[in-house]
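No lab work stands behind these numbers, since they all come straight from the coordinates. What you see is a predicted model; the values in this text were computed from it and never measured. Ideal geometry is used to build each Cβ from the backbone, glycine not excepted, and the neighbour counts take in all protein chains shown.
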Amino acid sequence: MDQHSLSSNNGLEPQVSNTISPLRKIGRVRPLKSARPLFPLYLHPLVAFAGIWLLICLLYSFRLSGLILYSGIDVLSLVENLLIVFIFGALLSYLLPISLTMPVSWSLPDNERTEELLSRRLNLWFRVWCSLTLLEILYSGGVPSVWLITGNPKTYMDFGIPTIHGFMNSMLLAICLSRLGMAIRFGRKKDLIYPFWAVFWSLIVITRQLMMVFLLEVVVIYCTYRPVRIKRIASAALSLFCLVYLFGVVGDLRTGAAAFLALAQPTSSYPEWLPSGFLWFYMYLCTPVNNLLYTFHTTPPLYDWRFPSTLSQLLPTVFRKMIFSAAELGNVNGDLVTEAFNVSTAFAGPFQDFGLSGVLSMSFFMSVLSGIFWRKRTFRDRLCYAVLCQCLLLTVFFNHFVLLPVITQLVWIYVFFYRTEGDILPSQKTASKVGI
């Protein structure tokens, strides 16, 4: 399939006449000229997954830290096995039916299924988020950024109400991602304030994971609805540089620059003139697979069909502690080379639960699920795919496919689009503005 076919209409977007009525079924209308879905090949699940893991192979082979224990060949051997299974999963996803959606009888009339309806729903849920967040601030006695400035011994781990906090993060991410999609697809510039708020809030609560998850989802949605041009590539490169720099600044605030250098143990090969953010990124990209290989050599698999190390993260905190023991919950990341870098990719849990079979099964599951959503073409499911593509890219850190605050974004997005058949039309006001 070539780029032209991926960028074609496929009957996905709505056509609205100057009078707007009657609005036709979504499958028979042409798209808004300002936001034609592209579905570029470089966002395909296989390309995203292979790209990030091959990048890890390259970076790991540089051995820029004294903590790196294994050779690049060891990592390449692991990646080859992951990719072989992932390819089979991708092929299977093209054979499975994707038409299992809500019954047509549940759908709203076309003239009600507009972006204004979605906006009202998102406003409601954002007010819910604001109300619950105020309760969390009162419960926690402040926010982490203020604690850091005032010297309070509390950290970001002490913020929020257990069990509720993860759902709060998931709700915020889903709301802001949906708003971004509306801003791009329907030209609603006022919706852009929400994505900025998501990034700002991640700084307030000093949660880099929240920021990284959302920014990757933003990139996927933007590339879905906007063509890639040289100017935009240059802007993206500059944004990435700023992100790396900001990542280092936040990391230095949390850990301290001198303390981090002592932990990272950079070798003489590392360019000292680079900002600390680049060393942060290198260590965070390479130490997870380092920990994974270390776990392969030190930890015998449990062969437990409950998959405690893998599936425990899908449960709210209160239920997780009821079902799994403290020892099982403490081994999610496997054996660590050093406690300072405490993640071990998406595959440490599956390996502890069921050995290499667990690792390959997880790779297969990721491929099938993301492949199915890649084939879907509604606005709702493109938002969902942005979540899954982000999960694929971050498998080098953690298994977001089974992390409740991340993967439940899919649930929230489906809630927002309830009875819309997965897509919405421009309202009369929006259609008049864009001249269709």
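Some observations on this one:
- Overall form of segment 192-348 per C-alpha gyration tensor (a/c, 1.5; a/b vs b/c): oblate
- Inter-label distance, nm, simple model (7 Å from Cα along the C-beta direction), residue 222/residue 272: 3.5
- Cα-based shape type of segment 109-243, given that a ≥ b ≥ c are square roots of the gyration tensor eigenvalues and the cut on a/c is 1.5: oblate
- Segments 336-347, 173-184 sorted - mean Cβ within 10 Å per residue, highest first: 173-184, 336-347
- Cα-based shape type of segment 189-248, given that a ≥ b ≥ c are square roots of the gyration tensor eigenvalues and the cut on a/c is 1.5: oblate
- Distant-in-sequence amide contacts of residue 425, defined by a placed amide H-H separation under 5 Å and a gap of 5 or more residues or a different chain, comprise 114, 115.
- Relative contact order (%) - segment 95-245, alpha-carbon pairs under 8 angstrom, separation at least six: 19
- Extension gain for the segment residue 58 to residue 120, taken as residue separation times 0.36 nm less the Cα-Cα distance, is 17.6 nm to one decimal.
- A convex hull fitted around the alpha carbon atoms of segment 339-409 yields 84 Å³ per residue.
- Entry note, segment 58-171: relative contact order of 16 percent, from Cα contacts under 8 Å with a spacing of 6+ residues.
- Computed over segment 292-436, the convex hull of the alpha-carbon atoms projects to a mean area of 11.6 nm².
- Remark: segment 309-317, residue by residue, has Karplus-estimated 3J(HN,Hα) of 6, 8, 8, 4, 6, 7, 9, x, 3 Hz, where x stands for each Gly or Pro and the curve is 6.51 cos²θ - 1.76 cosθ + 1.60 at θ = phi - 60°.
- Inter-site label distance for residue 148 and residue 319 at 7 Å from Cα along Cβ, in nm: 3.3
- Exceedance of the 32 Å cut-off in Cα-Cα distance is limited, within the set 376/429; 321/376; 190/231; 189/321, to 321/376; 189/321.
- A Cβ-based charge dipole, computed about the Cα centre of segment 139-201 with Lys and Arg at +1 and Asp and Glu at -1, lands at about 360 debye.
- Charging the Cβ of each Asp and Glu at -1 and of each Lys and Arg at +1, and nothing else, the dipole of segment 290-436 about its Cα centre rounds to 820 debye.
- Taken as Cα centroids, segment 323-377 and segment 382-431 sit 21 Å apart, rounded to the nearest whole angstrom.
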